[in-house]
Amino acid sequence: MFMQFSSILKRVVPCKYTWLSYFFGVVSEEAGLSVLRRFLYPKSEITKVIACLDVRANDNGDLVVTKGDQYDVREQTAENEVRNLGKPVDLAGQYYTDGADVVSFLNITGFRNFPLGDLPMLQVLKYASENVFVPLTVGGGIRDFTDGNGRYYSSLEVTSEYFRSGADKVSIGSDAVYAAEEYLKTKVKTGKTSIEQISRVYGNQAVAISIDPRRVYLKDPNDVEFKSVFQNQVLMASNLLGTSARYAYFNLFVLGPYLFSFSIRQGQGFDIDLIKLISDAASIPVIAGSGAGSAEHFSEVFLKTNASAALAAGIFHRKEVPIQAVKEHLLKEGVEVRA
């Protein structure tokens, strides 16, 4: 171990510094290699593993973590109850202990009316932040609101309340799409969108953009003005089964300082084509979301794309793949990750 570090260091630093190799080796082989890689390649980024918790109220009014089957979160039983995978605060604490780099809450039903009136979710953030010491992200309903009394609340006020309750970052979905569509039409940044308001006050790192993409197949890439991807796709339509060259593009509108990419894959693996398309073009970090079904899916997305983080939900909730197992696999594959 000493000779391995020493031979590398001698090529990049004066000999008097080779004692560092012995220090690294004595402390920890993996830790030493990690520090050395960051010393040799200072621009390399440590990838992140994110645990995502979809939170909603069940039929009794209690907030639970759930997971949808193509967005359907109810069990296929006579009771048709909301699928309950655990309590939000308990699971957040468990994932922090297990080694998650970020814990993300997505309130999937609670913000239909007035988000600041959703006291249970604000309490979840408050209690989780007392014992979870990695960044907490919250999404769902981050936009301007007018309450039942006619009082107007800006998305900035909504965000401020989340931050006071313990969140470190907010995730914006629908409102980001509207802002992007308007920008594509006018080519003008008004400074009034939720993205611009929040990032101006709290910084770009405080905002994540959540995207639900839609794959569309084309006969010719010139049929659309957006970027298209060439694929050899196995086609199945009625009684037809064959292989044919197809073009695909993703109906995406992106505007903002940070990016989530979501697709509906249900354990089949991350959508590598989509994530590579975005991460190659974007100058902001890209988080690969939805589709993780194994530890190998994480290494695939990090090795084949420029994604800086990958997110999973169901495999963690159902204890199919522990977070630590994902990280151990990534280290074996040479992917830099926080141990």
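How do Glu182, Glu300 stack up against each other in accessible area, from largest to smallest, with a 1.4 angstrom probe?
The most accessible residue leads, giving Glu182, Glu300.
Under the rule of at least 5 residues apart or a separate chain, name every residue whose amide H is placed under 5 Å from the amide H of Gly139.
Phe105, Leu106, Asn107, Ser171
Hey, any idea what the orientation-averaged projected area of the convex hull of segment 81-192's Cα atoms comes to, in nm²?
Directional mean of the projected Cα hull area for segment 81-192 stands at 8.9 nm².
Provide the solvent-accessible area of Leu156, counting protein heavy atoms only and rolling a 1.4 Å probe, rounded to the nearest 10 Å².
About 40 Å², ignoring ligands and nucleic acids.
Mind listing the long-range amide H neighbours of Val286? Cut-off is under 5 Å, sequence gap 5 or more, other chains count too, H placed in the peptide plane at 1.01 Å from N.
Here Ser308, Ala309 satisfy the definition.
Report the paramagnetic label zone for Arg74: residues of segment 93-108 whose backbone N is under 18 Å from a point 7 Å from Cα along the Cα-to-Cβ axis.
It comes to 108, nothing else.
Counting only protein heavy atoms and a 1.4 Å probe, tell me what percentage of segment 140-230's accessible area is made up of carbon and sulfur.
Carbon and sulfur: 46 percent of the exposed surface of segment 140-230.
Calculate one ³J(HN,Hα) per residue across segment 152-162 by plugging θ = phi - 60° into the Karplus curve 6.51 cos²θ - 1.76 cosθ + 1.60, and present them in order as whole Hz with x for glycine and proline.
8, 10, 7, 4, 5, 5, 4, 4, 4, 5, 4
Pairs Lys126/Lys169; Lys219/Lys276; Lys67/Lys332; Lys304/Lys327: which are spaced more than 20 Å apart, C-alpha to C-alpha?
Those over the limit are Lys219/Lys276; Lys67/Lys332.
The values are calculated or read from the model by the stated rules, or taken from the named source; none is laboratory data. A quick note: this is a predicted structure, and the numbers were derived from the prediction, not measured. Every residue, glycine as well, gets a Cβ built from its backbone with ideal geometry; the counts of neighbours run over all protein chains shown. Side chains are part of the model used for accessible areas, which takes the heavy atoms of the whole protein and leaves out ligands, DNA and RNA. Shrake-Rupley method; radii C 1.70, N 1.55, O 1.52, S 1.80 Å.
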